[in-house]
Amino acid sequence: MIRAATPADVPALRAMIRELAAYERAVEEARATEEQLREALFGAHPAVFALIAESDETPGEPVGFALWFRNFSTWTGTHGIYLEDLYVRPEARGGGHGRALLAELARICVERGYQRFEWSVLDWNEPSIRFYKSLGAEPMDGWTVRRLSGDALHALAALAQSDENPNRASSLSN
């Protein structure tokens, strides 16, 4: 069964996020707290959304999740879905939970008129790449993900905050 996450799912979501990070060899980078997840998912202005896959043997027990947010294409003029994380616990893999989570997100896209459903996959994660290919997902050849974080992010932000920056906007908001 696939359902929308509830606030009661936050501890299980955090645990599965850490499990995913361990699988991706980056557990030290998974620092999100339950409070941060609760605010992002269920606060006054939710920025992300999550689906839960429940156990076939123990209804109500989360065995997987998909965490996503809306993006926007200036080319199509429509929103889309960006899948941040997809995870199914090892003992539940092969039971169709991952496919069901992705199918539900595809249904949301179609229902809302979104034209794109996108995500990233580590280039060494062959099982996931094969799985995504079996669904018809195509790699985005010619595109490379870029990320600013840590010192580089702060250094670039400092340029915008500088009083000496003639292009500085007086105020920006979301």
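The table for this structure:
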{"read-out": "Single match in 70, 18, 31 (criterion: of a type in the set (Lys, Arg) and assigned to a helix (DSSP H, G or I))", "value": "18"}
{"read-out": "Residue that is surrounded by the most Cβ atoms within 10 Å (Cβ to Cβ), among those in segment 114-131 that are hydrophobic (A, V, I, L, M, F, W, C) and part of a loop (DSSP other than H, G, I, E, B)", "value": "121"}
{"read-out": "Residue satisfying all of: in segment 104-113; of a type in the set (A, V, I, L, M) and touching a residue at least 12 places away in the same chain (Cβ under 8 Å); surrounded by the most Cβ atoms within 10 Å (Cβ to Cβ) among these", "value": "105"}
{"read-out": "Residue satisfying condition, being under 14 Å from the mean Cα position of the chain (by Cα) and charged (D, E, K, R), within set 31, 25, 14, 38", "value": "14"}
{"read-out": "Scan of segment 116-158 for residues that are among the β-branched types (Val, Ile, Thr) and farther than 15 Å from residue 87 by Cα, ordered by number", "value": "144, 145"}
{"read-out": "Residue count, segment 24-72 (criterion: among the small types (Gly, Ala, Ser), over 23 Å from residue 108 (Cα atoms) and either surrounded by fewer than 13 Cβ atoms within 10 Å (Cβ to Cβ) or in contact with a strand residue (DSSP E or B) (Cβ under 7 Å, 6 or more places away or on another chain) (or both))", "value": "1"}
{"read-out": "Matching residues, segment 79-98, being open to solvent by less than 30 Å² (accessible area, probe 1.4 Å) and part of a strand (DSSP E or B)", "value": "80, 81, 83, 87, 88"}
{"read-out": "Scan of segment 140-152 for residues that are open to solvent by less than 80 Å² (accessible area, probe 1.4 Å) and assigned to a helix (DSSP H, G or I), ordered by number", "value": "150, 152"}
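The values are calculated or read from the model by the stated rules, or taken from the named source; none is laboratory data. Fair warning: this is a prediction, and the values are worked out from it, not measured in the lab. We place every Cβ from the backbone using ideal geometry, glycine too, and count neighbours over all the protein chains shown. Please note that ligands, DNA and RNA were not included when accessible areas were found on the heavy atoms of the full protein model with its side chains. Shrake-Rupley method; radii C 1.70, N 1.55, O 1.52, S 1.80 Å.
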